[in-house]
Amino acid sequence: MPHLPATRAAHVIGFVELLREIGTPVERELTRSKLPSLIEEIPDAWMCSAFVMDFVGRSARQEGIEDIGWLGVKNFRLSQLDRGLLAALSGASTVQGRLRRFFELMKLEDNSLSGGIIPEGESMRVWFNSIRIPEGEPLEVSEWFQVGILVEIVRSVLGPAWCPEEIAFQSEFPVCDDALQEFGNARFRFGSAATSIVLPRFQLAMSPPAATAQRPDVPVALRAGPGTEDISIQIRKLISAYWGDAVPTVELAADMAGTSVRTLQRRLDHEGATFSDILQASRFERAQQMLADPKARIVDIAFALGYEDSSNFARAFRRVTGVSPRGFRQAVSDGVIAAE
């Protein structure tokens, strides 16, 4: 089954904010890279990783930013993680426990991540395998993202001053003075088999003050992104973020899949699906998400989803769901239906 690499929009927002600060026409560049222009409003949406890397890499080249990977991740905070993953991390009482839970659930952040912990004498190496990067785009962008997550997980237990013994990258590039200062006496290695950080073995057993070991329920199945499902399901999850701009097209879906429209249609036909099926499922999935916001006007939702007026939207919504948009919104408000 084709695997479509995808990442949460939350990890793109740091780059968007950085570029906006220096005057880059961000919305134009997002559109050129086939990303939603309203990406800052949808941090939990899934983005095609190839589109993200095109946006970051091209923006860095245009603006002459050599350290965009570091600059984009330096303000990363754990609060940006998926809420289910964040709850799982906070329920672990040691550095090792938090790292293990992250590796169990990391595909809630990026479906191409893999990693783990391996011993090295008196130290432990915590590693990532980097995602597949489109040719010509900077690998260090994703590597800095990986390092930033690992460092913040450890710091959530050991405090903001903690630094790893070593930071290893797969690619080779000059580390800027700001990053060198941030990580103190950490050794930097390049050309490694995996991106990783190294810490003393004894630190894995350390706990934060007043730590608890209570493990909350984590809604993994409800929030999982594109992965090993049928290509039709992966495409549906990836196009859901585009309704605020325009009706997603089959050409956009083919670009996400890295193939031609004809090949995509053949793959969908093999699954007994069509792009029209995917579009309708995505439209009403997004409609339900938007209706859960009591501040969103139904007429605005209708226009955002490609309807000429709210009456057409209401009839279509009732036909598919069996309830009117207002009835659905009231059910969410009453707790009869859980808002996702």
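At-a-glance table
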item	result
Candidates G57, G23 - the one that is at pLDDT 90 or above and in a helix (DSSP H, G or I)	G57
Output for region 300-340, where each listed residue is free of Cβ contacts under 8 Å to residues at least 40 places away in the same chain, in a helix (DSSP H, G or I), in contact with a helix residue (DSSP H, G or I) (Cβ under 6 Å, 6 or more places away or on another chain) and under 19 Å from S240 (Cα atoms)	I301, A302, F313, F317, P325
Answer residue from region 154-196, given it is closer than 21 Å to E122 by Cβ and of a type in the set (V, I, T) and is surrounded by the fewest Cβ atoms within 10 Å (Cβ to Cβ) among those	V154
Filter result for the condition that a residue is over 24 Å from E165 (Cα atoms) and within 14 Å of the chain's Cα centre (by Cα), over L85, L113, L78	L85
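The values are calculated or read from the model by the stated rules, or taken from the named source; none is laboratory data. Note that this is a predicted model, so its numbers are computed, not measured. Note that each Cβ is placed from the backbone with ideal geometry, even for glycine, and that neighbours are counted across all protein chains shown.
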